[in-house]
Amino acid sequence: MSRFHVGGRVLKTVLAVTLAIFFAQQLGLERVTLAAIVALVTIQRTFYHSLLQSLSKLGSVLVGGVLGTIFGHLFGINPLAYGLVTLLSILICLQLRWEDHIILTAVTAISVIFSGAVSLEAYFLEQLLTALVGAISALGVNYLFTPNHKQEVIRRLLQADRGLSMLIDCIIKEVQEPGCNDDEFTEQVSPLRKDIEEGNDIAKLLREEQRFIINRETPSDRYRQAFHILNSQLERLDEMHKLARQMPVEVPQAMPLVKLLRIVQKIQYKKLRNKKAAYARLEHTLENLDRYFADMDIPCSREEFVSRASIFHLFQEIKRYYRRTQKIPPVIQ
């Protein structure tokens, strides 16, 4: 049985519509439904997007009101006036790339003509005021009850970091125990990739909220960069997992890589949190491992050859993973 979830945006929409109608009635406006409609479509996930919606809807009412007033004076209440004003509303909206506002523009124009008011100008101004009440009500609600996207983004980053760390643990286990057939890695990849994508989407919403920041770079830009790098790190770990699964037997050359993976794991943790890490020591370790793999003896069996080849390529992937880790912006304090 499906369940209906009433989220924050639903509650904000209900509150905005209620306030829009209430304020419109208090001002003695007759067409309170227009205030409700504008409030309904103005509520968005971010205040910035809501502001754009409110301005576009007010523009639609303005254009529709002007057209309705002009055609009402020229033709009066006449079917020809309705048809012509609808045609012109469509053409103007298409010219302005307001495809989503055609209906509101045309309906506003038709309602002005149909009203048969003694003063079409006064009726149009009342329409505009009613729409303004709806927009202001929705903007106020959206501003006061904007979700804390920053907190959610940071939570997702921490979750992604823990997920990548768990995948590294899985790779270490497979390197230490070749042929263990552990499917835990595969089971964790898809949920983790989904979490990273959703976190990046939330960071984009945060970017909308920070469009008013004058500086060119905003915190949301660094969050999105971090998600992008973590997603690429997931691809690197997937490749490491394949190499580890190719090892038929255990070889002594695997132990230095296990230690290296542990160090890289800690560096990623510290890099995200802007903590000091032993980068110089790790660079020295990489240089030693380069010499170590260059001076290896010839393998004694085919199984050992395959395992050592996998270990060598795994070492190259770890280096790529580490270089990518260095580019992660420190976003978690």
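Taken together, the values in this text are just the output of simple stated rules run on the coordinates, not laboratory data. This is a predicted model, so every value here is computed, not measured. Counting neighbours? That spans all protein chains shown, and the Cβs are built from the backbone with ideal geometry, glycine included.
Some values worked out for this structure:
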read-out: Per-peptide average of other Cβ atoms within 10 Å, ordering 47-57, 112-122 highest first; value: 47-57, 112-122
read-out: C-alpha center-to-center spacing [the stretch 127-152, the stretch 228-284] in angstrom; value: 46 Å
read-out: Estimated distance in nm for a label pair at ALA294 and LEU80, the labels positioned 7 Å out from Cα along Cα-to-Cβ; value: 9.2 nm
read-out: Using θ = phi - 60° and Karplus 6.51 cos²θ - 1.76 cosθ + 1.60, couplings along the stretch 270-284 (whole Hz; Gly, Pro as x); value: 6, 5, 4, 9, 6, 9, 5, 9, 7, 5, 5, 5, 5, 4, 5
read-out: Potential lengthening between PHE305 and GLU197 on full extension [0.36 nm per residue; Cα-Cα distance subtracted]; value: 35.0 nm
read-out: In Hz, Karplus ³J(HN,Hα) per residue of the stretch 227-235 (6.51, -1.76, 1.60; θ = phi - 60°; x = Gly, Pro); value: 5, 4, 5, 4, 5, 5, 5, 4, 5
read-out: Other-chain or far-sequence residues with amide H under 5 Å of ALA278's (modelled H); value: none
read-out: Per-pair calculated FRET efficiency, R0 = 35 Å: PHE145 and ARG324 via Cβ, rounded to 0.05; value: 0.35
read-out: Given LYS204/LYS275; LYS57/LYS194; LYS12/LYS271; LYS194/LYS271; LYS150/LYS271; LYS204/LYS259, the pairs whose alpha carbons are separated by over 30 Å; value: LYS57/LYS194; LYS12/LYS271; LYS204/LYS259
read-out: Protection proxy ranking, peptides 163-171, 276-284, average beta carbon neighbours within 10 Å, highest first; value: 163-171, 276-284
read-out: Charge dipole (debye, nearest 20) of the chain; +1 at Cβ of Lys and Arg, -1 at Cβ of Asp and Glu; value: 960 debye
read-out: Cut-off under 5 Å, modelled amide H: who pairs with VAL249 long-range; value: SER307
read-out: Peptides ranked, highest mean first, by Cβ atoms within 10 Å: ranges 188-195, 303-310; value: 303-310, 188-195
read-out: Estimated vicinal HN-Hα couplings, Hz - the stretch 114-120 in sequence order (Karplus 6.51, -1.76, 1.60; Gly, Pro = x); value: 5, 4, x, 5, 4, 10, 5
read-out: Within-9-Å neighbourhood charge of VAL331 [Cβ basis; K, R +1; D, E -1]; value: +2
read-out: Compactness of the chain as Cα Rg over 2.2 N^0.38 Å, two decimals; value: 1.54
read-out: Label-point separation, GLN246 to GLN95 (7 Å along Cα→Cβ), nm; value: 6.4 nm
read-out: Computed FRET value (nearest 0.05) for GLU177 with ARG222, which takes r as the C-beta separation and R₀ as 25 Å; value: 0.05
